[in-house]
Amino acid sequence: MSPNSDSIFTQELSRRTALKALFGAASAAVLFGLPARAHAAEASQETTDKLSAAQAQLDEVQAQLDSIANEYAALASKNAQTLNDIEGVQGQIDDTQEQIDTKKSELKKKRNELSDRVAASYKSGGTNILSLLLASGSFEELVANAHYVEKINKSDRDAIEDIQTIQKELDTQKSELESQKADLEKLKDQQTAQMQDMQAKQQEVQTVLNGLSDDVKELMAQRDSEILAAAQAEEAAKKAAAAAVAANKNNSYSGGSSSGGGSYAGGTPQQNAGSGKQQAVVNACYSTPSPGQNWCAAWVSNVFRNAGVGYFGGNACDMFNAWCYSSDRSALQVGMIVADSSHSGTGMPGLIYGHVGIYVGGGIVMSNEGAITSRSLDSFIGFYGTGSGVRWGWLGGIALS
């Protein structure tokens with residue numbers, strides 16, 4: 001991985017970490033504090049609409065950032081290939097120059113040999129045209145001697161010409177390679193400039209994304225504050241109603257009849273609920289609607305609250321880490337949550353928060369995927385188990401069986 005790629009990867013991890021803190025901690029702190037029976041509490045429509053619009057903008061800018069990152073990665077790959085090509089051409093240039101140097105040495109050696117031969121022939125009164133004429137005994141011998149000398153001279157001339165021809169070809173080849181290298185260097189500079197421009201654009205989009213993240217954070221805090229306020233008001237109203245009912249009962253019975261009230265407040269209703277809690281959770285799975293896309297954990301929390309088990313907050317990753325302890329199918333029971341902490345199947349939300357559902361028996365897991373869906377356990381594991389793996393356990397540590 002190149003330094004630039006490392007930088008992008010680090011930025012992406014930092015962004016994901018920030019978003020996880022943004023969407024997880026800000027909401028969980030409030031949602032954990034919601035009263036157990038506050039399932040009817042809602043934020044104002046204005047806040048919900050603003051949050052949806054801000055989230056849509058955030059997703060759009062995130063898509064732009066992802067697109068830039070993908071383009072940058074593709075360009076970086078091309079730039080790496082260009083650098084490899086430059087290195088390859090330079091190697092050919094070096095090899096060609098080595099051959100040119102060799103031919104120059106051969107040419108110099110050949111010329112020196114001819115020069116030495118001429119000098120030696122001159123000093124020793126060696127063969128020349130005049131000496132051939134004087135030394136030849138006949139015309140036929142003169143012709144033969146002259147032909148011999150001419151043949152030697154032509155061989156030397158041909159050798160020199162061959163060396164010169166090869167040297168010229170190598171010079172031409174080197175020139176072409178240097179031109180090719182110059183073109184590659186120009187391409188490399190263009191790619192480097194494009195990469196720098198993309199880095200600047202990426203930083204601009206990242207700044208916009210950070211601003212939108214802050215907007216979403218504020219709106220989520222406002223929404224959760226409204227939900228908490230509504231939940232507290234609802235809980236106060238229910239407590240007041242319960243107090244009124246109790247007061248009416250006290251006014252209706254004499255002292256001896258209070259044992260009847262004591263019997264009602266005993267363990268029988270809880271025992272009935274306990275013995276049927278698994279079925280209550282299954283029934284709630286089919287009756288609890290989806291709270292919206294990417295709110296799988298909120299749906300699970302609503303199911304267990306509606307089933308009368310209790311309220312347990314947090315996202316899918318939190319639930320996985322806290323309560324999912326087994327991947328042994330023989331240990332899986334109806335009413336257990338089935339979750340992972342990170343997967344790539346649904347993009348950024350899945351990578352950061354994971355996914356959680358509820359096992360309803362018969363090899364079926366129900367979960368909120370925007371709509372409430374039923375998947376076979378194998379299908380659920382095959383899709384959501386690609387990252388951290390899928391495990392299961394009792395939500396809140398409360399065994400329903």
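Points to keep in mind about this one:
- Condition met for residue 373 (open to solvent by 30 Å² or more (accessible area, probe 1.4 Å), of a type outside the set (Gly, Ala, Ser) and in a loop (DSSP other than H, G, I, E, B)): no
- Scanning region 383-401 for residues that are open to solvent by 50 Å² or more (accessible area, probe 1.4 Å), outside any loop (DSSP other than H, G, I, E, B) and either touching a strand residue (DSSP E or B) at 6+ places or on another chain (Cβ under 9 Å) or under 13 Å from residue 357 (Cβ atoms) (or both) yields 383, 391.
- Check on residue 379, more than 30 Å from residue 235 (Cα to Cα) and of a type in the set (Gly, Ala, Ser): yes
- Among (1) farther than 25 Å from residue 42 by Cα; (2) open to solvent by 60 Å² or more (accessible area, probe 1.4 Å) - the single one residue 218 does not satisfy: (1)
- Test: residue 199 is in a helix (DSSP H, G or I), of a type in the set (S, T, N, Q), under 30 Å from residue 69 (Cα atoms) and modelled with pLDDT of 85 or more: no
Residue-by-condition table, conditions (1) modelled with pLDDT of 85 or more; (2) open to solvent by 50 Å² or more (accessible area, probe 1.4 Å); (3) not in a helix (DSSP H, G or I):
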residue	(1), (2), (3)
81	yes, yes, no
99	yes, yes, no
107	no, no, no
119	no, no, no
134	no, yes, no
137	no, yes, yes
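- Boolean, residue 344 is free of Cβ contacts under 8 Å to residues at least 12 places away in the same chain, surrounded by fewer than 17 Cβ atoms within 10 Å (Cβ to Cβ) and not β-branched (Val, Ile, Thr): no
- Taking residues in region 163-177 that are closer than 14 Å to residue 98 by Cα, and partners anywhere that are crowded, with 18+ Cβ neighbours inside 10 Å and charged (D, E, K, R), the pairs with Cβ atoms closer than 7 Å and at least 6 places apart or on different chains are 166/103; 167/103; 170/103.
- When 203, 180 are checked against the criterion of being in contact (Cβ under 8 Å) with a residue 40 or more places away in the chain, polar (S, T, N, Q) and open to solvent by 60 Å² or more (accessible area, probe 1.4 Å), 180 stands alone in meeting it.
The values are calculated or read from the model by the stated rules, or taken from the named source; none is laboratory data. Values in this document were obtained by computation on a predicted structure and should not be read as measured data. Glycine gets a Cβ as well: all are built from the backbone with ideal geometry, and neighbour counts include every protein chain shown. What goes into the accessible areas is simple: the full protein's heavy atoms, side chains included, and nothing from ligands, DNA or RNA. Shrake-Rupley method; radii C 1.70, N 1.55, O 1.52, S 1.80 Å.
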